[in-house]
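The structure appears right after this line, and notes come after that.
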Amino acid sequence: MKTSECRYCTCPNFLAGTVARKIEKMAAESWKETGLAPSHAYLLLLTLEEPGIQAGIIAQHLQLTPSTITRLVEKLEERKLVTRVSEGKQTNVFPTQKAREMKPLLKKCSEDFHEKYTELLGKSDSKQFIQYMTRIADRI
């Protein structure tokens, strides 16, 4: 059954969850080659782009709670992909050499995900979808 035919297709909560699950599935497939969940991969990309980035800044960029960031960082530490350095109340996150070696693969997977959803939605609709979702997220 198409989403537009479902009983709750006019409910924003239902639709947001439906879209999120479908996009998450597509993202997981794109990131599969890294062995990382998309949230771990995006966190790792942030550390590669800004070595020593503060955990609080990561939380802001990923729109996640600090406790969730802590759990994600712990998993990446277990895999020897990041290290944490505490300075007072601040925690800085650094990529390891192993993570730096993964950077080309991470970039490729990110581009693959972008290509998949752009191909599915079309270039114009894809751009509009991102802009509209961003405006909605900023308002809520």
Once Ala37 and Thr68 are pulled to full extension, the length gained, defined as 0.36 nm per residue separation minus their Cα-Cα distance, is 9.8 nm
When only C-alpha pairs under 8 Å and at least 6 residues apart count, what is the relative contact order of segment 10-139, in percent? 25
Extension length gain for Val19 and Glu119 (0.36 nm per residue less Cα distance), in nm, is 34.4 nm
I need Thr134, Thr47, Thr34 ordered by Cβ neighbour count within 10 Å, fewest first. Thr134, Thr34, Thr47
Which of Glu87, Glu49, Glu119 fluctuates most in a GNM of the chain (C-alpha springs under 10 Å)? That residue is Glu87
Students often get this wrong, so check it: of Lys89/Lys123; Lys98/Lys127; Lys22/Lys75; Lys25/Lys80; Lys32/Lys89; Lys22/Lys107, which have C-alpha atoms separated by over 32 Å? Lys89/Lys123; Lys98/Lys127; Lys32/Lys89
Mind computing the radius of gyration and Dmax over the alpha-carbon atoms of the chain? Å is fine for both. 17.1, 54
Tilt of helix 97-121 relative to the longest C-alpha principal axis of the chain, in degrees (0 to 90, nearest 10)? 10
For the chain, calculated [θ]222 nm from helices alone, where every DSSP H run of n ≥ 4 adds -39500 (n - 2.57): -22500 deg cm²/dmol
List Ile58, Ile53 from most exposed to least, where exposure is judged by having the fewest other Cβ atoms within 10 Å. Ile53, Ile58
Arrange the following residues from fewest to most other Cβ atoms within 10 Å of their Cβ: Met133, Met1. Met1, Met133
What ³J(HN,Hα) values, in whole Hz, does the Karplus curve 6.51 cos²θ - 1.76 cosθ + 1.60 give for segment 127-140 when θ = phi - 60°, with x put for Gly and Pro? 5, 5, 4, 4, 5, 5, 5, 5, 4, 5, 4, 5, 7, 7
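Read-outs throughout are calculated quantities, based only on the coordinates presented, and are distinct from any laboratory measurement. Only a predicted model underlies this, so the values are computations on that prediction, with no experimental measurement involved. Here the Cβ is made from the backbone with ideal geometry for all residues, glycine too, and neighbour counts use every protein chain on show.
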